[in-house]
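The values are calculated or read from the model by the stated rules, or taken from the named source; none is laboratory data. Bear in mind the structure is a predicted one, so any value in this text is a computation, not a measurement. Virtual Cβ from ideal backbone geometry, glycine too; neighbours counted across all protein chains shown. When the accessible area is computed, the model is the full protein with side chains, heavy atoms only, and any ligands, DNA or RNA have been set aside. Shrake-Rupley method; radii C 1.70, N 1.55, O 1.52, S 1.80 Å.
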Amino acid sequence: MKELTGRHVFAMFALGFGTIITVNMTLAYNAVATFPGLEVKNSYVASQSFDRDRATQLALEWDVAARLEGEELVMSITRDGAPVAPDIEAAVFGRATSVKADQEPQFRFDGQNFVAPVEAGAGNWNLRLTLRAPDGTRFQQRVIVETGA
């Protein structure tokens, strides 16, 4: 049996801490490299009107839901069970954690729902919406898309 020397102990500590540091640096790099971006440019400025914007949006009493049916994204907007057809200012369909697969669906209203062709696979998908009510109220919401799986 070999004698345990100071060099051996140093090598074990260096290898152990080197492994920990390498793993931490790799995880930190991947966290920053895959960050999809900011929701707002300045959170303080956005917070100044948040409560007022939220109240006007809730006053619309819209229920928004989205689901995938095959290769189509179906979005329903209702008020008291009746379909609502607001102007769609922006719609982005994509993954929750990455912008790489983002798509801008071109919706058409079929009298009940908004329908758009999309390319989607398994997993978690979101629909980020900006809508405009007939009275000019801006409606923003991130909707988790039901995949049926």
* Asked: What's the extension gain from ARG142 to MET25 if we count 0.36 nm per residue and subtract their Cα-Cα distance?
  -> 39.0 nm
* Linear extension gain, VAL45 paired with THR5, 0.36 nm per residue minus alpha-carbon span -> 8.3 nm
* Asked: Taking K and R as +1 and D and E as -1, what net charge do the other residues with C-beta under 9 Å from the C-beta of VAL92 add up to?
  -> -1
* How big is the gap, in Å, between the Cα center of the stretch 16-54 and the Cα center of the stretch 107-124? -> 29 Å
* Cα long-axis angle, helix 50-59 against the chain (0 to 90 degrees, to the nearest 10) -> 40 degrees
* Quick one: pull the percent of accessible area on the chain belonging to carbon and sulfur, 1.4 Å probe, ligands and nucleic acids left out. => 57 percent
* To do: Quick one: angle between helix 6-33 and the longest Cα principal axis of the chain, in degrees between 0 and 90, rounded to 10, please.
  => 10 degrees
* Structure fact -> Its Cα gyration tensor gives the chain an equivalent ellipsoid whose semi-axes in whole Å, largest first, are 48, 20, 12
